[in-house]
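Quick notes on the structure that follows.
The values are calculated or read from the model by the stated rules, or taken from the named source; none is laboratory data. Everything numeric in this text was worked out from a predicted model, so none of it was measured. Cβ placement follows ideal geometry from the backbone for every residue including glycine, while neighbour counts extend to all protein chains displayed. These area figures cover heavy atoms from the full protein model, side chains too; ligands, DNA and RNA do not enter into them. Shrake-Rupley method; radii C 1.70, N 1.55, O 1.52, S 1.80 Å.
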Amino acid sequence: MATLASLTLAALLALGLPAHAQPQNGARDDTTVRIGVLAYKGPEAVQRDWSRLRLWLQTRLPGRSVELLDFDQVGLTHAVRARAVDFIITSSGHYATLEQDDGASRIATLASPWSASPQLAIGSAIVVRRDAALQALADLAGKHVLAVAPEAFGGYQIAAREMLAAGVDPERDLDRLQFNGFPTQQILLAVRAGRADAGIVRSCLLEQMIRSGELGAGELRVLAPLPHPGSSCQSSSRLYPDWPFAALRHTAPALSRQVAVALLTMAPTADGYSWAVPSDYGSVDELFRELRIGPYDYLRQWTFETALRRYWGLLLLALGLLVLWAVHTVRVEQLVAKRSAELLAAQQRERGMADEAQARQAALDHTARLAILGEMASAIAHELNQPLAAIGNFARGMARRIAAGRTETAPLLEGANEIAAQSERAADIMRKVRALAQKRAPERRKLDLTAVMDEAVALFRAAHPQARVDWQADAPAPVLGDALQIQQVALNLLKNALDAQRGADDAGAEACTGAAETPLVVTLRARERDWQVCVRDRGCGLAPEQFARLFEPFFTTKAEGLGLGLSLSKGIMESFGGTLSARPNDDGVGLSVCLTLPNFDLSETP
Ligand code: ADP
């Protein structure tokens, strides 16, 4: 049983040291050299396997006693930190961690009889039953695997590196990864008993157990062994330096030197073990870095720093993309702002042009109405003459009666009423003419097309008393539009029809003879969704090439004509959703020019 003189029992208990490592007396004995040994095969094996070494050191360190203290890996780490040991013999992986964290420094490396060199001695054997179907490391996926401990170098970490390289992540891809601890022989016994598919142990353990008779030669085998010339044990992995003998930060340098010399001069044991100059443990470091364990454990923790260290390339790329995206966004926004401004300017230009076009249209409308009025002026004057003459006659008759002293009330009252009626008739004509001549914006309101046509025909008859117009309609025809504009269109059609019949008369063509006496026929009829008004004449019609240009602005065949009436009329009808069209009459004599307007009642209730 080991003695740790410098530590109190409570302190060691607090450190979690194994019971056998706890001090038995109260004071540290400076003459005792304590060597902490990793007991991977159990405490007894430590005393047995390293007794030759202990005795040799004892003889080479006169006046001192040498003690071997057995620990598991965690216990040995605690003992190092508690300065409970002066030297350590431990696995290469554990040493590499202690070197990094606790300043352990190797003074010799074990030279084992089974290895070609101390530099290439330690490996992992992944052991399966001889008859198992497993052949390659990749076959371990989904299997139940036993290992020593997460921190065991040969008993887990070395194999883990190989499994990862074969595409099997031991932490993720196995059915079960079970850590069995020390002694490691139990792992192989469990595999033999079929309690697991495979076991990870330090290489050579299988061979040792077969030699000692613990296992039969044909029971187990090493999975996917790699060729290692000069090595007498099978490994499923690459090889790493053998166990080191290391001094600690607090070990006296003189003692370290003495021990180093003693180790290097020790003759090989009966089993063939000896000590060589310390190996390079760089390959162990490489393994740790790859598995992100030991000194590289921090790589597994997700801090900003580790993320930066691991993913700086990706982060740089992301940053670059972010900058590109920002530049792109700003550029797109600039373009959008520019395009919006252009669009706004274009819209304003368009609106300006539309306003201008509307104003021009209104001016044209007005001109056209004035033109019709101009054409109708003499007829209107003639029409006005009639009531004025009648007024004159009545006034003179009344004056004569009064002068002759015939002042009976009844005839004078009749005369005055007649004068009033005639002046009302004249005022009515003037009202209509003024309305037509007025400059005003068109309206859209519900109208009775029959009433509008009544008025237009009346005005036309008043202006052209000699013309005969056949017009009859009583049922109301509801439409949406501007009464004056529709009247303007109707007057235009009537005037054109009258002109055509007069022209026909003048021409004296056979088909048109006597057309002047023929009445113009105005009809209004309801169709499926709209109302249609047609003005039919018996004039000479038009030659096909003239007919094709009928609605062209400024197309006229008249010496005094403007050629605007039909094109403006078509525009007016279309602005209310209607049409204006012409066709020769069925018998080939004269034209029918028709306007249509949607039936307001039907359009209200679609
Ligand atoms: P304008 O009457 O000033 O010539 P319009 O646009 O009203 O202008 O008519 C254009 C031309 O269409 C007329 O000059 C005439 O030749 C022809 N036209 C219009 N209506 C008729 C019609 N009912 N019969 C024959 N020709 C017509």
| task | Scan PRO606, PRO553 and give me the residue that is modelled with pLDDT under 90, assigned to a loop (DSSP other than H, G, I, E, B), more than 9 Å from the ligand (Cβ to nearest atom) and more than 19 Å from ASP448 (Cβ to Cβ). | result | PRO606
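Go through ASP428, ASP470, ASP482, ASP448 for me and flag whichever is away from the ligand (no atom under 16 Å from the Cβ) and either more than 60 Å from the chain's Cα centre (by Cα) or modelled with pLDDT under 90 (or both). Please lay out each step first, then the result.
Working: ASP470 fails: away from the ligand (no atom under 16 Å from the Cβ); ASP482 fails: either more than 60 Å from the chain's Cα centre (by Cα) or modelled with pLDDT under 90 (or both); ASP448 fails: either more than 60 Å from the chain's Cα centre (by Cα) or modelled with pLDDT under 90 (or both).
So the residue among ASP428, ASP470, ASP482, ASP448 that is away from the ligand (no atom under 16 Å from the Cβ) and either more than 60 Å from the chain's Cα centre (by Cα) or modelled with pLDDT under 90 (or both) is ASP428.
Mind listing just one residue for me: the one in region 585-603 that is within 21 Å of ARG502 (Cβ to Cβ) and not acidic (Asp, Glu) and, of those, farthest from the ligand (Cβ to nearest atom)? Working first, answer last.
Step one: list which residues in region 585-603 are within 21 Å of ARG502 (Cβ to Cβ), which gives 585, 587-593.
Restricting the remaining residues to those that are not acidic (Asp, Glu) gives 585, 588-593.
Values: ASN585: 10, GLY588: 13, VAL589: 11, GLY590: 7, LEU591: 4, SER592: 8, VAL593: 6 Å.
Step by step, filter region 585-603, then rank; the result is GLY588.
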| Before we move on, is SER237 without any contact (Cβ under 8 Å) to a residue 60 or more places away in the chain and among the hydroxyl-bearing types (Ser, Thr, Tyr)? | no
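Could you tell me whether SER105 is over 15 Å from LEU239 (Cα atoms) and either touching a strand residue (DSSP E or B) at 6+ places or on another chain (Cβ under 8 Å) or open to solvent by less than 10 Å² (accessible area, probe 1.4 Å) (or both)?
yes
Starting from residues that are in contact (Cβ under 8 Å) with a residue 60 or more places away in the chain and assigned to a loop (DSSP other than H, G, I, E, B), keep the ones in region 151-179 and report whichever is farthest from the chain's Cα centre (by Cα). Steps first, answer last, please.
Narrowing region 151-179 to residues in contact (Cβ under 8 Å) with a residue 60 or more places away in the chain: 151-155, 157-162, 164.
Keeping just the survivors that are assigned to a loop (DSSP other than H, G, I, E, B) gives 151-152.
On the way: GLU151: 46, ALA152: 49 Å.
The selected residue is ALA152.
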| ARG536 passes all but one of (1) open to solvent by less than 80 Å² (accessible area, probe 1.4 Å); (2) farther than 29 Å from ALA363 by Cβ; which number fails? | (1)
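I'm trying to understand the selection: among the residues of region 539-555, which are of a type in the set (Gly, Ala, Ser), out of contact with any Leu (no Cβ under 6 Å at 6 or more places or on another chain) and open to solvent by less than 60 Å² (accessible area, probe 1.4 Å)? Give the steps one after another, and end with the answer.
Kept after step one, since they are of a type in the set (Gly, Ala, Ser), are these residues of region 539-555: 539, 541, 543, 548.
Retained after the next criterion (residues that are out of contact with any Leu (no Cβ under 6 Å at 6 or more places or on another chain)): 539, 543, 548.
Once the filter is applied, which keeps residues that are of a type in the set (Gly, Ala, Ser), out of contact with any Leu (no Cβ under 6 Å at 6 or more places or on another chain) and open to solvent by less than 60 Å² (accessible area, probe 1.4 Å), region 539-555 yields GLY539, ALA543.
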| Restricting attention to region 556-584, and to residues there that are part of a loop (DSSP other than H, G, I, E, B) and within 59 Å of the chain's Cα centre (by Cα), which single residue is farthest from the ligand (Cβ to nearest atom)? | GLY577
| task | Give region 525-550 a look and list any residue that's more than 6 Å from the ligand (Cβ to nearest atom), more than 23 Å from MET453 (Cα to Cα) and of a type outside the set (A, V, I, L, M), or say none. | result | CYS540, PRO544, GLU545, GLN546, PHE547, ARG549
| Between a first residue in region 587-606 that is of a type outside the set (Val, Ile, Thr) and open to solvent by less than 50 Å² (accessible area, probe 1.4 Å) and a second residue that is modelled with pLDDT of 85 or more and part of a helix (DSSP H, G or I), which pairs have beta carbons less than 7 Å apart while being 6 or more apart in sequence or on different chains? | GLY590/ALA500; LEU591/ALA500; LEU595/VAL489; LEU595/MET573; LEU597/LEU449
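Of these, ARG176, ARG172, which one is touching a His at 6+ places or on another chain (Cβ under 7 Å) and farther than 20 Å from LEU206 by Cβ?
Numbers: ARG172 fails: touching a His at 6+ places or on another chain (Cβ under 7 Å).
Going through ARG176, ARG172 in turn, the sole match is ARG176.
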